[in-house]
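Read through the structure below, which is laid out as C-alpha cells, and then see the notes.
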Amino acid sequence: MTRHVALLRAVNLAGRNAVSMAGLRALLEELRFSEVRSLLQSGNLVFDDDRRTPAELERLLEEATMKKLGVRTDYFVRTSRDWSKLVAANPFPREAREDPGHLLLVCLKKAPSASDVKSLQAAIRGREIVRAEGRQAYIVYPDGVGRSKLTAALIEKKLGARGTARNWNTVLKLAAVVVPTASAG
C-alpha cells in the first residue's frame, strides 16, 4: 500500500471552515482508505491507498468533503516518497535545525515557473527568503509570519497556484508518521 499525506487548506482557522479531525477520519474510512490518521487540528491526514493517483485523490477528497461535511477546501496530496523527497530538498537546513517554527513549507497545486518564483522574490518587502522546488515552496520568516507582508494571497498570486503552508515542526511530525526514517534536515 502507498501511504499518503493529505493537507487541507484553510480549515479550522478563526472559526472558518470548521471540521473535526474525527469527522475527516470517518470520511476517509467511508471512502475505504486504510490506516487513516490525523495530526493536529489544522487538517493533516495520513492514509493508505493504491487505487488512485495523488491528483485523483485530491479531486475525490475535495468533492467528498463538500458533499458529506459541507466544507469547501483544497486538498494537497503527496505520497510518502514525495514527502521524503520534499524533506530532503529543504534548501534551509540551518533554519530547520535552529528555528523550525519560522520555516514554512508551502505545498502547491502546480509547480511554479522560474519567472513566477523570481516575481515572488522581487515582491518581498521584509527579510523573508523564498525558494521553490517542484510543487513546493520553502519560506523563511525570520521575523515571524504574523506581521509579514508576504501573505498567502501574495504568494498564490505571484506563483499562480493555490497552496497551503505548514511549519517545519509539522512537516517533520508528518514525516515521522509517513517516512519513519526521514531526517530532520
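Every number here is computed from the coordinates shown, using simple stated rules; none is lab data. Given the structure is predicted, the values throughout are model-derived calculations rather than measurements. Neighbour counts run over all protein chains shown; Cβ positions are idealised from the backbone, glycine included.
Miscellaneous remarks
- Protection-proxy order for peptides 172-178, 57-63, each taking the mean of Cβ atoms within 10 Å per residue, highest first: 172-178, 57-63
- Normalised by the number of residues in segment 46-127, the mean separation of alpha-carbon contacts (under 8 Å, six or more apart) gives a relative contact order of 19 percent.
- Calculated FRET value between LYS173 and ALA88, using beta carbons and R₀ = 25 Å, to 0.05: 0.90
- Pairs beyond 23 Å (Cα-Cα), from LYS67/LYS149; LYS85/LYS110; LYS85/LYS157; LYS109/LYS157; LYS118/LYS149: LYS67/LYS149; LYS85/LYS157
- Debye log10 I(q)/I(0) at q = 0.10, 0.17, 0.18 Å⁻¹ for the chain, Cα point scatterers: -0.38, -1.12, -1.25
- As computed over segment 89-178, the Cα convex hull volume per residue (Å³): 91
- Segment GLN121-ALA153, extension gain: residue separation times 0.36 nm, minus the distance between their alpha carbons: 10.1 nm
- Normalised contact order of the chain, rounded percent, pairs of Cα under 8 Å and 6 or more residues apart: 24
- Additional length obtainable on full extension of the chain from ASP143 to ASP48, 0.36 nm per residue less Cα span: 30.5 nm
- Scattering profile of segment 3-81 at q = 0.15, 0.22, 0.24 Å⁻¹ [log10 I(q)/I(0), Debye over alpha-carbon scatterers]: -0.43, -0.98, -1.19
- Scoring 72-82, 90-100 by mean Cβ neighbours within 10 Å over their residues and listing the highest first yields 72-82, 90-100.
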